[in-house]
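Comments concern the structure below.
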Amino acid sequence: QQPVQSPQAVILREGEDAVINCSSSKALYSVHWYRQKHGEAPVFLMILLKGGEQKGHEKISASFNEKKQQSSLYLTASQLSYSGTYFCGTDRGSNYQLIWGAGTKLIIKP
Amino acid sequence: DAGVIQSPRHEVTEMGQEVTLRCKPISGHDYLFWYRQTMMRGLELLIYFNNNVPIDDSGMPEDRFSAKMPNASFSTLKIQPSEPRDSAVYFCASSEGFYTGELFFGEGSRLTVL
């Protein structure tokens, strides 16, 4: 079942902060975050695993609430390069298959 | 490393024709994934391989779709016969493991079936 991302879109001024949420109705083992710029391939941002382990880029932070089956991606002091569509992929730990959310479009204006 | 290499980047074909998409994963990566992306359905996993063996092909939409990985450095996704609803961007991605790190995506193959 597809995770739900919110908001669907957000427009920020450079330097502002944003939070992107991803929630599932099913128990999750891991949450994966990717960013995709228009016409390009998705690029890895972070993996959050059940139990608290995280792997990702230093400038990106995220949380994973296992009980609520929710994850949030925190973008602070946004830069123009942060623009793109952010996808979360969720996995239930059973068959190595990521189910992707519909994406959150982030627009950063100077 | 050159990254995941896909070909062709763009393919325009007519309904009923056979389409073959190709992928060269990053050397040393044990997992290879084929994804399809459309505006309507988003990013969908079609099939994935582990050590050249197909593990889960439940995402393959129909028998018209088939995928092979004859060796660790090459995979193909074939559509025969193609239909207009197959028009999409097809991504190949590889990774060292499922939970150990990132998926490295190729630049995608944009397929248009007329």
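Values quoted throughout were computed directly from the atomic coordinates according to the rules given, and no laboratory measurement underlies them. Worth saying up front: this structure is predicted, and the values here are computed from it rather than measured. Heads up, the Cβs are rebuilt from the backbone with ideal geometry, glycines too, and the neighbour counts pull from every protein chain shown.
The table below gives the values:
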item	result
Spin-label proximity, B:Ser87 to segment B:1-23 - amide N less than 14 Å from point 7 Å beyond Cα toward beta carbon	B:11-16
Nitroxide proxy distance, nm - points 7 Å out along Cα→Cβ at B:Met39 and A:Ser61	3.7
Top of B:Arg36, B:Arg64, B:Arg22 by mean-square fluctuation, Gaussian network on chain B, Cα under 10 Å	B:Arg64
Rounded Å value of the spacing that divides the Cα centres of segment B:8-49 and segment A:1-18	28
Chain B - Debye-derived log10 I(q)/I(0), Cα point model, q = 0.12 Å⁻¹	-0.37
P(r), alpha carbons of chain A - 5 Å bins starting at zero, rounded %	2, 13, 25, 26, 19, 10, 5, 1, 0
Neighbour-count ranking [beta-carbon atoms within 10 angstrom, fewest first] of B:Asp57, A:Asp91	B:Asp57, A:Asp91
Fluctuation leader among A:Phe64, A:Phe44, A:Phe87 - chain A, Gaussian network, Cα springs under 10 angstrom	A:Phe44
Selected from B:Met60, B:Met15, B:Met39 as most flexible by GNM, with chain B as the system and alpha-carbon contacts under 10 Å	B:Met39
Neighbouring partner chain Cβ atoms per residue of A:40-49, average, 10 Å criterion	5
Under-13-angstrom lysine pairs by C-alpha in the protein assembly as shown, whenever the two are 8 or more apart or on separate chains	7
Evaluated over the protein assembly as shown, the Cα radius of gyration and Dmax, each in Å	17.5, 51
